[in-house]
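Colleague: Here it is: the structure, laid out below.
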Amino acid sequence: MNQPKPPTIGRRTVLKAAAAAGVAQVAAPFVISARAAETLKIGMINPFTGVYAAVSNNELIGAKFAVEQMNAKGGILGRKVELLTEDSANDVGTGVQKARKLIDRDKVTFITADVNSAIAQAVAQVTNEKKVLHIVPGGHTDPITGTDCHWNVFRVCNTTAMEANSVAPVLFKKYGKKWYFITPDYAFGHTLEAAAKKDLAKMGGTVVGNALTPLGTTDFSAYLIQARAAKPDVLLVLPQGGDMINCMKQIAQFGINKTIHVAGLQQEEESLIAMPPASRVGTWMFEWYWKQPGVPHVAEFVADIRKRSGGHVPTARTWFGYTALWSFKLVTDKAKTLDAVKLAKALGGLELPPQIKLQPNKVYYAAGDHQLRTSSFVGEAVANPKGDPEDLFHIDTVIPGDKTSPPDTETGCKLTWPA
Amino acid sequence: MTAAVDKAAPVAANRERARSLAMLAAIWGVLALAPFWMPYLGGYTALGTRVLVLGLGAMAVNFLLGFTGVLSFGHAAWFGLGAYGCGLFLKFIAHSTPLSIVAGTLLGGVMGAILGALIVRRRGVYFAMVTIAFGQVFYYIAFQWSSLTGGDDGLRGFQRAPLDLGFTTVDILYNSTAFYYFVLICFAAAAAVMGFILRSPFGRTMLAIRENERRARFLGIPIELHIWIVFTLSCFFMAFAGSLYALVNNFADPLGLHYSQSGNFVIMAVLGGMRKFWGPLLGAAVFVVLQDYVSSLTVNWQFFIGLLFVVVVLFFPRGLLGFFQQRVQS
């Protein structure tokens, strides 16, 4: 019945074979990279696409510069360092996937991730499961080094509580005790508001009102009218990114900053650059700033970064990436091993040297919660800079991390080490 | 039809059956051996697990879209509900992986059944709009209800529990190959149920509705009831996939409920071939693998996925699988 067809090799078969061979050529580098073991690989996962792209790229510039410096000094334990980057696309599932890819396939020794706190926490579960040392450069939510801390996870940037603790006393002393909050209506905003309210209550101030704004709000006028009617001394603007920029633009249009003192907690160079000059007002906290006259090594760092970023100054994000990567080298030099548990024990309590910390106060990873005690730079936004067009912030005080952070016994962190 | 073709019909049918059996064997062979061949092509086991889970989700979307002709743009809602149901069960109720999957599937499926009764009253673009709206309702609930769902930070603090088979326990938390096979078995079970439904008279009725709704109605088929049943089944499959997704990540986040995620499932289904049973799995594989590779090379990876989607829609309207099958047959 069924006549077997004689096997023939047609033109299409040849074409297909050629295409398959071509694909194999493209795939070959992946196969080879999976086997290479001479270089020491560090994986960086960040949302390089989406709303956090600008800050992620600055972290990458800092990280790349750190790798360049490390390799010039002989790498880590004599091995050349290679930085592998992966885009988490601001999606937790993708971030987790990329963490598994870096650890399982590329065999990275260290991981640094992520600007988005939710992804940072999810990746922390993976690195914890796989016992890989993990430094979070720029995800701020408290639990990462608080209630959800892990033995292998460390963090460079401040917690939201540290941010609130740095700005609140300054505002209270200088501008008054009646505060009004504009809070983005999601988990991050609520934590930030709660931290600031706690500080205010401790100092004896009052909250005269708050407006919860949905994420992605473009028109803040209704909230601003309410805020003005409440006659506060200080208006705290807590939205971040695009929402903050919109809110600040409208504050300037309404002239609210002429009668009420405008302030916020965290502010970033990237956001100030994106704002029109009239909106750059108020008291804020920077996590690092590039202009620190008299502080050793800062000027050289700024000059070196300018050469690698198309002339732009380093931001706090650049410093996060730089510090996270250097921490890996500092701790391996100290512990002389790649064993994650020993490294994590050595990194707890490690103090950063002046050429890495790039700020006046003592900077160290607390042994109890693995949070870097780094300074807060509190000051005013500058509308029209006189010298450098990117000099958009005037520092009033630099508060050491020990002052802004609660002691590591009170952050809710209980580290459980593997047996 | 000529007489010659009529005579050749049984031969063609036999050949057709042999071909579909060979294809099934090839699909299951490739899937069953994935942990062994993937590392040589630069893959890794977790990638295979993700393809299976998202492929199952896309097949669930296609169950509705490809076989009944109804486009839902909010199916991520049931996917995400499955994930949250599974995660919340593991976190607060009991440390059991199978029960958590049941819990997640029930949560997503039952919610789908209830809201489906309202949604199926609409057709075409209105149906798609209403599904988006309900999907976004769940997205915002997950986003705002921080005390239960963790809000924007996502639901954390649960891990898949080892499987207790009575005589032995299987570690599916640290052993990624074991977890892959666990997901593969779940996937096979769901695919078998789906295939069984499609072969039943009920499945034929679905096709009849897809081909000509008015004619089906004149034949006395209760259209609304049928679409509601299909919608509900699809939601159960979707929630099942969502539960597995929570276990893959040990995490559930609101973005899993977002309409952009629904869009991704539709893209996978269309990319692979939306009238084919296995099309969405191929689409999911292409989507996930492309995302995984290209995003390591360039941050503009979404551009390339979009480009591929445009090319497929313009030149291969039957999807990749439809295109390949046509090639083989001609």
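Colleague: Please figure out what share of the DSSP beta bridges in region A:146-258 is antiparallel and state it in percent, rounded to the nearest 5.
Modeller: In region A:146-258, DSSP labels about 0 percent of beta bridges as antiparallel.
Colleague: Summarise the partner chain shielding of A:96-104 as one whole number: the mean count of Cβ atoms from other chains within 10 Å of each residue's Cβ.
Modeller: Taking all residues of A:96-104 together, the mean is 6.
Colleague: Amide H to amide H, which residues 5 or more places from A:Glu86 or on other chains are under 5 Å from it, using H placed in the peptide plane?
Modeller: Amide H neighbours of A:Glu86, under 5 Å, 5+ apart: A:Met44, A:Ile45, A:Asn46.
Colleague: Sorted from largest to smallest, which semi-axis lengths in Å does the alpha carbon gyration tensor of region A:283-419 give for its equivalent ellipsoid, taking the root of 5 times each eigenvalue?
Modeller: 30, 19, 11
Colleague: Pairs of Cα atoms under 8 Å, at least six residues apart: use those to get the relative contact order of chain B, whole percent.
Modeller: 30 percent
Colleague: So what are the ³J(HN,Hα) numbers for region B:247-259, from phi and the Karplus equation (6.51, -1.76, 1.60; θ = phi - 60°), rounded to whole Hz, Gly and Pro as x?
Modeller: 6, 4, 8, 6, 6, 9, 9, x, 4, x, 9, 6, 5
Colleague: Taking N as the number of residues in region A:73-210, what is its alpha-carbon radius of gyration divided by 2.2 N^0.38 Å?
Modeller: Normalised by 2.2 N^0.38 Å, the Cα Rg of region A:73-210 equals 1.32.
Colleague: While we're looking at this one, here's another question. With the Cα gyration tensor of region A:161-286 giving a ≥ b ≥ c as the square roots of its eigenvalues, does the rule (a/c under 1.5 for rounded; else a/b larger than b/c for prolate; else oblate) give rounded, prolate or oblate?
Modeller: Since a/c stays below 1.5, the shape of region A:161-286 is classed as rounded.
Colleague: Could you tell me which residue out of A:Gly321, B:Asn300, B:Phe240 lies farthest along the dipole of the protein assembly as shown toward its positive end? Charges go on the beta carbon: Lys and Arg +1, Asp and Glu -1, centred on the Cα centre.
Modeller: With unit charges placed on the Cβ atoms, the residue in question is B:Phe240.
Colleague: Express in whole angstrom the spacing between the alpha-carbon centres of region B:58-137 and region B:239-255.
Modeller: If we compute the Cα centre of each part, the gap is 12 Å.
Colleague: Also, I was wondering about something else. Step through the residues of region A:138-150 one at a time and calculate ³J(HN,Hα) from phi using the Karplus curve (6.51 cos²θ - 1.76 cosθ + 1.60, θ = phi - 60°), rounding each to whole Hz and writing x for Gly and Pro.
Modeller: x, x, 8, 4, 4, x, 4, 10, x, 5, 9, 5, 10
Colleague: Choose one of A:Gln267, A:Asn210, A:Pro239: the residue whose Cα lies farthest towards the positive end of the charge dipole of region A:161-286 (beta-carbon charges +1 Lys, Arg; -1 Asp, Glu; about the Cα centre).
Modeller: Going by the Cα projections, it comes out as A:Asn210.
Colleague: Antiparallel DSSP bridges in the protein assembly as shown: what percent, to the nearest 5?
Modeller: DSSP beta bridges in the protein assembly as shown are roughly 35 percent antiparallel.
Colleague: If I fit a long axis through the Cα atoms of helix A:11-35 and take the longest principal axis of the Cα atoms of chain A, what angle between them do I get, 0 to 90°, rounded to 10?
Modeller: 60 degrees
Colleague: Sticking with this one: Mind pulling the per residue volume of the convex hull built on the Cα atoms of region B:42-262? Å³ is fine.
Modeller: Spread over its residues, the Cα hull of region B:42-262 gives 129 Å³ apiece.
Colleague: What average number of partner chain Cβ atoms lie no more than 10 Å from the Cβ of the residues making up A:128-138?
Modeller: 1
Colleague: Provide a whole-number value for the mean count of partner chain Cβ atoms within 10 Å of the Cβ atoms in peptide B:286-294.
Modeller: Across the residues of B:286-294, the mean count of other-chain Cβ atoms within 10 Å is 2.
Colleague: If you don't mind, another one. Percentage of Cα-Cα pair distances in region B:164-249 greater than 18 Å, rounded to whole percent?
Modeller: Of all Cα-Cα pairs in region B:164-249, 57 percent lie more than 18 Å apart.
Colleague: What list of ³J(HN,Hα) couplings, whole Hz, do you get for region A:381-392 from phi and the Karplus terms 6.51, -1.76, 1.60, once you set θ to phi - 60° and write x for glycine and proline?
Modeller: 6, 10, 6, 10, x, 7, x, 5, x, 9, 8, 9
Colleague: Ok, one more. Per q in 0.06 1/Å, what log10 I(q)/I(0) does a Debye calculation on the alpha-carbon atoms of the protein assembly as shown return?
Modeller: Calculated log10 I(q)/I(0) at the listed q: -0.41.
Colleague: Roughly how tilted is helix B:3-32, in degrees to the nearest 10 and between 0 and 90, from the longest Cα axis of chain B?
Modeller: For helix B:3-32, the angle is close to 20 degrees.
Colleague: What's the extension gain from A:Ala383 to A:Ile273 if we count 0.36 nm per residue and subtract their Cα-Cα distance?
Modeller: Between A:Ala383 and A:Ile273, full extension yields an extra 38.6 nm.
Colleague: By the scheme Lys and Arg +1, Asp and Glu -1, what is the net charge of all other residues having a beta-carbon under 13 Å from that of B:Gln261?
Modeller: Taking every other residue near B:Gln261 into account, the sum is -2.
Colleague: Provide the net charge surrounding B:Phe134, with neighbours chosen by a C-beta distance below 15 Å and charges set as Lys +1, Arg +1, Asp -1, Glu -1.
Modeller: Around B:Phe134, the surrounding residues sum to +2.
Colleague: If you don't mind, there's one more thing I want to ask. Is chain A best put as rounded, prolate or oblate by its Cα gyration tensor, with a ≥ b ≥ c the root eigenvalues, rounded for a/c under 1.5, and otherwise prolate when a/b is larger than b/c, oblate when not?
Modeller: In terms of gyration-tensor shape, prolate.
Colleague: Might you report the magnitude of the Cβ-based charge dipole of the protein assembly as shown about its Cα centre, with Lys and Arg at +1 and Asp and Glu at -1, to the nearest 20 debye?
Modeller: 2000 debye
Colleague: Can you tell me the orientation of helix A:160-175 relative to chain A, as the angle in degrees between its alpha-carbon axis and the longest Cα principal axis, to the nearest 10?
Modeller: Tilt relative to chain A: about 20 degrees.
Colleague: By the gyration tensor of its Cα atoms, with a ≥ b ≥ c the square roots of the eigenvalues, what is the shape of region B:37-96: rounded for a/c under 1.5, prolate for a/b over b/c, or oblate?
Modeller: oblate
Colleague: Using the basic label-point model (7 angstrom from Cα toward the beta carbon), what is the B:Leu314 to B:Ile185 distance in nanometres?
Modeller: 4.7 nm
Colleague: When only DSSP loop residues count, what chymotrypsin sites (Phe, Trp or Tyr not before Pro) in region B:120-222 have their Cβ near at most 16 other Cβ atoms within 10 Å?
Modeller: B:Trp145, B:Phe167, B:Tyr174
Colleague: 5 Å is the cut-off here: which amide hydrogens, built 1.01 Å from N in the peptide plane, fall below it relative to A:Gly209, excluding neighbours closer than 5 in sequence?
Modeller: The answer is A:Phe181.
Colleague: Taking a Cβ-Cβ separation under 4.7 Å as the criterion for a possible partner, which cysteines of chain A have none?
Modeller: A:Cys157, A:Cys247
Colleague: Where both partners of a DSSP beta bridge lie in chain A, what percent of those bridges are antiparallel, to the nearest 5?
Modeller: 30 percent
Just so you know, all these numbers are worked out from the coordinates, no wet-lab data involved. Being a predicted model, the structure only gives us computed values, none of them experimental. With ideal geometry, Cβ positions are generated from the backbone for all residues, glycine too; neighbour counts draw on all protein chains shown.
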